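Notes follow once the structure below has been shown.
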Amino acid sequence: MTLLIVIIVLALIFDYINGFHDAANSIATVVSTKVLAPFQAVIWAAFFNVVAYFIFQDHAVANTISKTVNKEFITLNVILAGLIAAIFWNLLTWWYGIPSSSSHTLIGGFAGAAIAHAMMTKGLTISWSKVVENDTIIKTVLFIFFAPMIGMIISIFINIVTILRNMWLRMGIIILATALTVLLFDRFETNKMNQGLEKFIKLDKYKLEVAKAEETLEKDNNNEKAKEDLVTAEKKLSGAKDIYAKIVPLIVEFDKIGADSIAAFAYHNGLLTDIEVSKLKDEVRNANNFLILESLSADNAEKKKEYDVAKVETEKYKGPVKQLLKKEISLDSALVAFNAIYPIDPANAKKVRSKIEKFDIQSSFKKDIEKSENHAIVWGIVLTSILFMFIYIYVEKIKTPSAYSVGNMFKKLQLFSSAAFSIGHGGNDAQKVMGIIGAALIASGNIQDFAQLPGWVPISCYIAIGLGTMSGGWKIVKTMGTKITKVTPLEGVAAETAGAFTLFFTGQMGIPVSTTHTITGSIIGVGATKRLSAVRWGVTSSLLIAWILTIPVSALMAALVYWISTFFG
């Protein structure tokens, strides 16, 4: 319990330090252009960070961090080492005014500590691919470069379009760009729904089971258990593929028919029958602390033995679950059957009963589809374009244009663009420390999944990051707002809008990016639009070096911290 408390305190400290870095991204340009005073900018950014909660259904950064390391190697000591390394690197880069990525610091820290843990428990020869998710790491590393480049290109485009003298040509370009963006986000929505469907019907899981069995057979062609596992996995995979093929055409028509119709079709045509049994089985055993047992088994030999038994035996819950769903037996009879297979802890009996009574596969499938729906973002983009066009028409055609009126227009627009970037920032980063604390609570056995996250966790995280922004982020604000290039209100609008679009774009693709890198690239873009010499490339090169070093340095530091903590017990 003491170690858990230490981790929670350190997580909130990290969140506080994160305020030095990431929240400053949202306010750097509005402060440097004097559109808002520092305190006003902080309140403005914090408010729209929270608004993001109602727009983004998935928390991409938290999911990425949780998936970076295979759960077998996540322990409280690993989390502790990753946090200490992340805090140290964030403080170091803050001291030198370098806007590094807090997300990448955490990813590097967890990966490094987990690899050290794996080597010390499984041997030095263990493959890193068994410890960390290579695809996630590679994608994260690539977007260290791609995210600022995307932000830079978009900010250059916005800047050039804005200064076009022919207003009607400008209107036409905005309409065309908006239409292309809507089509792009519609494609993202469909792709995410397809991915969500694969996960819901466990198609992705069955693919991994087939690959694992095949890998075992390659090493030992006479392994009878692996042969049986391969046959079973291939059968499951084939069934899941058939279901996927029947539902995918409906996903494409989501905008016309909606999630209700898709879920109803799947349910009434028996496409959810098998997955209904599997998911209710999971609900029953998870309510009996199965996930907590799994977490505790990572570094406890006795719990590992208990977990191995539970994993095999609770699969047999499928028998009474099928009978219950077919109404062949009552709920009370099903509970008796569960106890006969693998006992339900009396303390969990009420929770298990409640889970079964509330279980609804059709409703669950509907909610899963709706998670990928991005109409709020698309309409936000459309309304933003319409707002910009009306303002241009008013200032240039209705009201006599002057340097003062145009400048004043962009000051007002910067409030809007700053809010949009803050929403993007909140949608990407606000949940990361909640995820860390949640993972620690699960690893310690206090909760079994993120759905049980106590209410004090999000409140504490929002307060911590807000206090950090108000008390220490001004070195980063200075670097972002003045040292890279001098930013005017017009350029501030272009940079923040480009940054917001990039965050929405990558968020919908499920790609982990840094808000720091994104806004930096956008600011470089507006500077380069004037002339290349307007950008202080010496400062920019220092930022790039810090970005590249963040993940490996954090990983090495976390590995060292983990080794020291183990050495001293």
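Rule-based calculations on the coordinates, nothing more; no lab input. As the structure is a computational prediction, the values presented were derived from the model and not from experiment. No Cβ is skipped: glycine too gets one built from the backbone with ideal geometry, and neighbour counts run over all protein chains shown.
Annotations
- Karplus 3J(HN,Hα) series, Hz, for region 105-110 with 6.51 cos²θ - 1.76 cosθ + 1.60 (x for Gly, Pro): 4, 5, 4, x, x, 5
- Taking other C-beta atoms within 10 angstrom as a stand-in for reagent exposure, Tyr562, Tyr317 fall in the order Tyr317, Tyr562, fewest first.
- Computed from the Cβ-Cβ distance with R0 of 30 Å, the FRET efficiency linking Ile398 to Leu176 stands at 0.80.
- The simple spin-label model puts a point 7 Å past each Cα toward its Cβ; for Lys71 and Ser127 those points are separated by 2.2 nm.
- Cβ crowding within 10 Å ranks Arg187, Arg353 as Arg187, Arg353, fewest other Cβ atoms first.
- Cut-off 12 Å between beta-carbons: net charge of the residues surrounding Phe185, Lys and Arg +1, Asp and Glu -1: -2
- Fewest-first ranking of Val284, Val231, using other Cβ atoms within 10 Å as the exposure measure: Val231, Val284
- Backbone HN-Hα couplings from phi across region 207-219 [Karplus 6.51/-1.76/1.60, Hz, Gly and Pro as x]: 4, 5, 5, 5, 4, 5, 5, 5, 5, 5, 5, 5, 7
- Charge tally in the Cβ shell below 12 Å around Tyr244, where Lys, Arg are +1 and Asp, Glu are -1, Tyr244 excluded: +2
- Only Cα pairs under 8 Å and 6+ residues apart enter the sum, and on that basis the relative contact order of region 196-368 stands at 24 percent.
- 3J(HN,Hα) along region 169-182, derived from phi through the Karplus expression 6.51 cos²θ - 1.76 cosθ + 1.60 where θ = phi - 60°, amounts to 5, 4, 4, x, 5, 5, 4, 5, 5, 5, 4, 5, 5, 4 Hz, with x in place of Gly and Pro.
- For Ser417, net neighbour charge (Lys/Arg +1, Asp/Glu -1) across residues whose Cβ lies under 13 Å away: 0
- Pairs from Lys207/Lys350; Lys236/Lys281; Lys207/Lys316; Lys326/Lys351; Lys235/Lys358; Lys192/Lys305 whose Cα-Cα separation, in the structure shown, is over 28 Å: Lys207/Lys350; Lys235/Lys358; Lys192/Lys305
- Pair Val141, Asp360: separation of 7 Å Cα→Cβ label points (nm): 4.7
- For Val132, the residues whose modelled amide H falls within less than 5 Å of its own, excluding neighbours fewer than 5 places apart on the same chain, are Asn70.
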